[in-house]
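Working notes, structure below.
The values are calculated or read from the model by the stated rules, or taken from the named source; none is laboratory data. It should be emphasised that the depicted structure is a prediction, and the values quoted were computed from it without experimental measurement. Reconstructed Cβ throughout: ideal geometry from the backbone, glycine too, with neighbour counts over all protein chains shown. Surface accessibility is based on the protein's heavy atoms, side chains included, excluding ligands, DNA and RNA. Shrake-Rupley method; radii C 1.70, N 1.55, O 1.52, S 1.80 Å.
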Amino acid sequence: MEISRLRIPAGLARAAIVDRLRGDGTLQRLRDHTRLTPALEQRRGAFVTLHVGPKDGASRLRGCIGSIAPREALYLNVIHNAVHAAFDDPRFS
């Protein structure tokens, strides 16, 4: 995947987390205005790792959830894993 295309999965991950927090349709609005690439529509595994902390490099792990098996489209896998990493990682309960 090209670097410019990495912004779409990152944006979907952020929107999924914000939408779960606010319940305001953030994710759906982004999906309505995002053209998915063929690669994002392919069934693939993915991991989402979240870090919290200052942007100056002193961040710490907040969650990491993923799946190796290609069970769903990559963009859906990123959305689901982002929410699980943010809210369901048992190491940070």
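Values computed for the structure shown
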read-out	value
Subset of region 63-78 that is touching a helix residue (DSSP H, G or I) at 6+ places or on another chain (Cβ under 9 Å) and either assigned to a strand (DSSP E or B) or farther than 19 Å from Q28 by Cβ (or both) - its residue that is most open to solvent (accessible area, probe 1.4 Å)	R71
Sole residue being open to solvent by 30 Å² or more (accessible area, probe 1.4 Å), under 14 Å from L76 (Cα atoms) and either without any contact (Cβ under 8 Å) to a residue 40 or more places away in the chain or not in a loop (DSSP other than H, G, I, E, B) (or both), chosen from L27, L36	L36
Count of residues meeting criterion [in contact with a strand residue (DSSP E or B) (Cβ under 6 Å, 6 or more places away or on another chain) and part of a loop (DSSP other than H, G, I, E, B)] in region 39-62	3
Check on R22, in contact with a helix residue (DSSP H, G or I) (Cβ under 9 Å, 6 or more places away or on another chain), among the basic types (K, R) and exposed (fewer than 12 other Cβ atoms within 10 Å of the Cβ)	no
Unmet criterion (only one of (1) closer than 19 Å to I17 by Cα; (2) without any contact (Cβ under 8 Å) to a residue 24 or more places away in the chain) for A58	(1)
Residue list for region 17-34, restricted to those being in contact with a Ser or Thr (Cβ under 8 Å, 6 or more places away or on another chain) and among the aliphatic types (A, V, I, L, M)	V18
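Each row is one residue, and each column tells you yes or no for (1) at pLDDT 95 or above; (2) within 14 Å of the chain's Cα centre (by Cα).
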| residue | (1), (2) |
| --- | --- |
| E2 | no, no |
| G11 | no, yes |
| V48 | yes, yes |
| A58 | no, no |
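A quick yes/no check of all residues on (1) among the hydrophobic types (A, V, I, L, M, F, W, C); (2) surrounded by fewer than 17 Cβ atoms within 10 Å (Cβ to Cβ); (3) at pLDDT 95 or above:
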site: R44; (1), (2), (3): no, no, yes
site: P54; (1), (2), (3): no, yes, no
site: L61; (1), (2), (3): yes, yes, no
site: H80; (1), (2), (3): no, no, yes
site: V83; (1), (2), (3): yes, no, yes
site: A86; (1), (2), (3): yes, no, yes
